[in-house]
Amino acid sequence: MPMIEFKSVSKWYGSFQVLKDCTTKVEKGEVVVVCGPSGSGKSTLIKCVNALEPFQQGEIVVNGQSVGDKATNLPQLRSKIGMVFQHFELFPHMTVIENLNLAQVKVLGRGTEEATEKSRMLLKRVGMIDHAPKFPGQLSGGQQQRVAIARGLAMDPIAMLFDEPTSALDPEMINEVLDVMVELAHEGMTMMCVTHEMGFARKVAHRVIFMDRGEIVEDATKDEFFGTPRSERAQLFLSKILQH
Amino acid sequence: MNFDISIITNSLPYLWKGFQYTLELTVISAAGGLFFGTLLALARLSSIKGLQMTAAGYVNLMRSIPLVLVIFWFFFLVPLILQAITGAERPPQVGAERTAIITFIMFEAAYFCEIMRAGIQSIPRGQIHSSYALGLNYSQTMRLVILPQAFRNMLPVLLTQTIILFQDTSLVYVISATDFVGAAAKIAQRDSKLVEMYLFVALVYFILCFSLSLAVKQLQQKIAVIR
């Protein structure tokens, strides 16, 4: 059984179709990179996985549970899927450690001590333990994003979603975030990453999905994708972003 | 014209009692108004159409009627409503002071609603998304993430509204509640010392409100720095 399965997912904003019949899947332990030009629907697709965006047609099944099903306990399902956002979205009125503790205590029902222990362990892992008592506003973008990854991991997720995690970062901070993600991938975490970092894709991705105008145009293994992309659109996209 | 300052010093204990009521009315109305105003704001922003429209209707109604009229209406209506609820034979005696508190909470809720609504809307959507993504439900997201930020951002405006409320409470004079102005008016009329009493009351209001406004301005700059 795949960890995440998309079955003919379609979505409209009014009369404008943002997702067209998207079918793909992410196996357990697999790292899938989703790329494509801006406005191609890749962020929308990834946000459908934990129902941050509703979709009108098709089905998404996460770990055996249908996301769109009314009977599905969404908060519970979401708590098992970590998500990292382009703009970090740490809670600015809480310290770093409080950011990590909040959902552990309120959603998973852990005690504050147990949660703090878990949080400290994860902050150590992403190299942010010295910043635990600080507020997000006192951190750089790269540091905030590493905290955000730790916050997602604190929930012991079965999969992690990354929505352009390095797009809002200054160039010199991109690597510190990618390093954490690479390490995570090597540990066998199931990951779905919307990103333009092709270096990251080459290094750890198992599969690459290329989207354009709401469609999944290519869905190939990493070697196939970078070696011989079949579609013209993917070739064009790759030649544009790889020429430098 | 002879200005008799002794009338003020002599009546200070009575004025102080009125002033205490004014403070009480302001604090309770601000707290109650903020509480119900926040609920109204959440209703106005909810995706449930009926809730949205009911809240919007209430807020627009309250904001379109002069406060004096609202005070009058509630003065007559509150006993009747209570009678309807309790099924008593006669309308219960609520008293002007307590009626005023209920009135001001209801009235201020409309204004605090609009302030909190703006505050909630000022929080980026991503904050709601990241809360949901962690598994928090709607009420946890609002209570723990969105409202604390909205409240912090809007604190200067909320305080300014409270200063206005502090002045507006003097309108309870029309239902003969003895607030600060009411107390002064009673003595002024009893002893025919209108000038002294009203000047003194105005001076107190001015000093308090002006210095509080300055404090709010400073707070505003401090919040801007933190953000």
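What to note about this one:
- The Cα-based radius of gyration of segment A:80-185, divided by its Kirkwood radius, gives an Rg/Rh of 0.93.
- Counted over all Cα-Cα pairs of segment A:157-244, pairs farther apart than 14 Å make up 67 percent.
- Cα gyration tensor shape for segment A:191-232, rounded if a/c is under 1.5, else prolate or oblate: oblate
- Magnitude of the charge dipole, the protein assembly as shown, Cβ model with Lys/Arg +1 and Asp/Glu -1, debye to 20: 480
- Working value for chain B: equivalent-ellipsoid semi-axes of 38, 25, 12 Å, each the square root of 5 times a Cα gyration tensor eigenvalue, largest first.
- Mean separation of Cα contacts under 8 Å (6+ apart) over length of chain A, as relative contact order %: 27
- Mean per-residue shielding of peptide B:123-132 is 6, counting Cβ atoms of other chains within 10 Å of each Cβ.
- For A:Val34, the residues 5 or more places off, or on other chains, whose built amide H falls under 5 Å of its own are A:Cys193, A:Val194, A:Thr195, A:Ile209.
- Taking a ≥ b ≥ c as the square roots of the Cα gyration tensor eigenvalues, segment B:159-222 comes out oblate, since a/c reaches at least 1.5 and a/b does not exceed b/c.
- Test item: B:23-33 mean partner chain Cβ contacts at 10 Å: 0
- Global form of segment B:127-173, assessed from the alpha-carbon gyration tensor, a/c cut-off 1.5: prolate
- Amide H to amide H distances under 5 Å link A:Val18 with A:Lys11, A:Trp12, A:Tyr13, where only residues 5 or more positions off or on other chains count and H is placed in the peptide plane.
- Each residue of segment B:17-29 was assigned a 3J(HN,Hα) from its phi angle through the Karplus expression (A = 6.51, B = -1.76, C = 1.60, θ = phi - 60°), giving 5, x, 5, 4, 5, 4, 4, 4, 4, 5, 5, 5, 5 Hz with x at Gly and Pro.
- Each label was represented as a point 7 Å from its Cα along the Cα-to-Cβ direction; for A:Glu27 and B:Tyr14 these points are 9.1 nm apart.
- For segment A:49-64, 3J(HN,Hα) per residue [Karplus equation, 6.51 cos²θ - 1.76 cosθ + 1.60, θ = phi - 60°, Hz, x = Gly/Pro]: 4, 10, 6, 6, 10, x, 10, 9, 9, x, 8, 10, 10, 10, 6, x
- Working value for the protein assembly as shown: equivalent-ellipsoid semi-axes of 59, 25, 19 Å, each the square root of 5 times a Cα gyration tensor eigenvalue, largest first.
- Counting beta carbons within 10 Å around each of B:Leu194, A:Leu102 and listing the fewest first gives the order B:Leu194, A:Leu102.
- Put a dot 7 Å past the Cα of A:Asn175, heading toward its Cβ, do the same for B:Ile223, and the two dots end up 4.2 nm apart.
- When each of A:Lys106/A:Lys134; A:Lys20/A:Lys222; A:Lys70/A:Lys118; A:Lys7/A:Lys124 is checked by Cα-Cα distance, pairs over 31 Å: A:Lys70/A:Lys118; A:Lys7/A:Lys124
- Available extension along the chain between B:Gln83 and B:Phe35 is 14.7 nm, counting 0.36 nm per residue and deducting the alpha carbon span.
- Based on Cα contacts under 8 Å between residues 6+ apart, segment B:117-210 shows a relative contact order of 18 percent.
- Cα centroid of segment A:211-236 to Cα centroid of segment B:78-151, whole Å: 53
- Averaging the sequence gap over all C-alpha pairs within less than 8 Å and six or more residues apart, then dividing by the number of residues, gives chain B a relative contact order of 29 percent.
- Averaged over the residues of A:89-99, the number of partner chain Cβ atoms lying within 10 Å of the residue Cβ comes to 4.
- The modelled label-to-label distance for the pair A:Asp130/B:Ala56, using points 7 Å beyond Cα in the direction of Cβ, is 5.3 nm.
- For B:Ser47, A:Ser167, order by how many other beta-carbon atoms lie within 10 Å, fewest first: B:Ser47, A:Ser167
- Ordered by the number of other Cβ atoms lying within 10 Å of each residue's own Cβ, fewest first, B:Met62, A:Met211, A:Met160 fall into the sequence B:Met62, A:Met160, A:Met211.
- Karplus 3J(HN,Hα) series, Hz, for segment B:194-205 with 6.51 cos²θ - 1.76 cosθ + 1.60 (x for Gly, Pro): 4, 4, 4, 5, 5, 5, 4, 4, 4, 4, 4, 4
- Relative compactness, chain A, computed as alpha-carbon Rg over 2.2 N^0.38 Å: 1.01
Just so you know, all these numbers are worked out from the coordinates, no wet-lab data involved. Owing to the predicted nature of the structure, the values given are computational and were not obtained by experimental measurement. Don't worry about glycine lacking a Cβ; one is built from the backbone with ideal geometry, like all the others, and counts go over all protein chains shown.
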